[in-house]
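**Student:** Input: one structure, supplied below.
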Amino acid sequence: MPLFKRTQSKREESANSTTNGTKKEAEERMEPKARLVFHCQQAHGSPTGLISGFSNIKELYQKISECYDFPASEILFCTLNTHKVDMTKLLGGQIGLEDFIFAHRKGRPKEIEITKTEESLGLTITDNGAGYSFIKRIKEGSIVDKIDYIQIGDHIEKIDDECLVGRRHFEVAKMLKDIPVGTTFTLRLIGPMKAGFANVDARSSHRNKNKKGYGSGKETLRFKANGQTQIVEEPNMEMQLGLESINRLLDNYLGINDNELATQIWEAAEGKVNSMDFAEAIDNSDLGTFAFSDDMIIEMWGAVTDARAGRTKQRPT
């Protein structure tokens, strides 16, 4: 029998503390994945399913596909709290903890021949986070606006014979932009499946009638770039207006719309007091791969500072 109890060395205490801390952090990271449950329906009509156990968009699509027994590759995108193809309700990098998810599945493919008579086709492209780029906005009076068969929500599967599945939105936007004026090309599109579901609301819609605005403290589940999830508060009005301004710049410069990308840009400006520090933060992060021009960096910094100072006004939807 030992005469005294052996005490831990500082190194052992530190190691145990680190181990316990790592375990606790891991548990905290896993907690949202384990305990959160979301209601889901197929946008064209289906029973309500319960979805849980995901930490990124691809896992979410997989869980939805398992719930309804179809391949995950059939999901074009998801909207929140509406079955309609409403790009203002698109599921992006965050889901409100009380949001109702609607999955939009692939409908019929269509091929459209287009002659590029102007520099811009008038498209804003986004993607679903799982390899499909699709049309989020069509500029009024543009080339595409005059073609009735092309609709918001259409997935751009091919340009001529080149498959675009797996390409990011900015790659697809650049390919369309680089098509020379005067060229005739074919777009293969796949629209979301449609059915007689126009007058049916989500079962939880009564919960949203008195839904509070931004800054109410409502929590959301955010998908982070490193594959983890994090429960955060909804953006306040200042941040929301800043994100809208940044997204307009992404549309003007790159032809894309991406709330998660806009959020990363906003966060890169935190604690920065001038555009040079902001540019350095952009270059030293994953955002550096976009190689934003100096003009765009300055305009994005202006969008951030205007929102912080209350100079940005909310635009009507």
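The values are calculated or read from the model by the stated rules, or taken from the named source; none is laboratory data. Since the model is a prediction, treat every value here as computed from it, not as a measurement. Neighbour counts are summed over all protein chains in view; Cβ atoms, including those assigned to glycine, are modelled from backbone coordinates with ideal geometry. Ligands, DNA and RNA are excluded from the accessible area calculation, which covers all protein heavy atoms including side chains. Shrake-Rupley method; radii C 1.70, N 1.55, O 1.52, S 1.80 Å.
**Student:** How much net charge surrounds Lys174 when only other residues with a Cβ under 12 Å from its Cβ are counted (Lys, Arg +1; Asp, Glu -1)?
**Tutor:** Values: positive: Arg167, Arg168, Lys177; negative: Glu171, Asp178.
Neighbour charge sum, excluding Lys174 itself: +1.
**Student:** In what order, largest first, do Arg311, Arg188 sit by accessible area if the probe radius is 1.4 Å? Numbers along the way, then the final one.
**Tutor:** Numbers: Arg311 140, Arg188 65 Å².
Reading off the accessible areas and sorting them downward yields Arg311, Arg188.
**Student:** Okay, moving on. Give the calculated FRET efficiency between Glu267 and Ile298 to the nearest 0.05, with a Förster radius of 22 Å applied to their Cβ-Cβ distance.
**Tutor:** The computed FRET efficiency comes out at 0.75.
**Student:** Between beta-carbons, use under 11 Å as the cut-off and find the net charge around Ile75, counting Lys and Arg +1, Asp and Glu -1. Show your work: numbers first, answer last.
**Tutor:** Working: positive: Lys58, Lys63, Arg105, Lys106; negative: Glu74.
That sum, taken over residues with Cβ under 11 Å, equals +3.
**Student:** Please calculate the 1.4 Å probe accessible area of Leu80, with all protein chains present, and give it to the nearest 10 Å².
**Tutor:** Taking all protein chains as shown, Leu80 has close to 20 Å².
**Student:** Calculate what fraction, in whole %, of the accessible area of the stretch 235-309 sits on carbon and sulfur atoms when a 1.4 Å probe is rolled over the protein chains. Kindly include the intermediate steps, with their values, before the conclusion.
**Tutor:** Numbers: 1620 of 3460 Å².
Using a 1.4 Å probe with all protein chains present, the stretch 235-309 comes out at 47 percent carbon and sulfur.
**Student:** Modelled label-to-label distance, Ser285 and Lys174, 7 Å Cα→beta-carbon offset: nm?
**Tutor:** 2.0 nm
**Student:** Shifting gears a bit: Tell me, how many Å apart are the Cα centres for the stretch 107-173 and for the stretch 267-299?
**Tutor:** Using only Cα atoms to place each centre, the spacing works out to 29 Å.
**Student:** Highest mean first, what order results for 94-101, 137-144 on Cβ atoms within 10 Å?
**Tutor:** Working: 94-101: 19.5, 137-144: 14.6.
Highest to lowest by the protection proxy: 94-101, 137-144.
**Student:** Ok, one more. Between Ile147 and Ser120, what is the label-to-label distance in nm when each label sits 7 Å out along the Cα-to-Cβ direction?
**Tutor:** About 1.8 nm, to one decimal.
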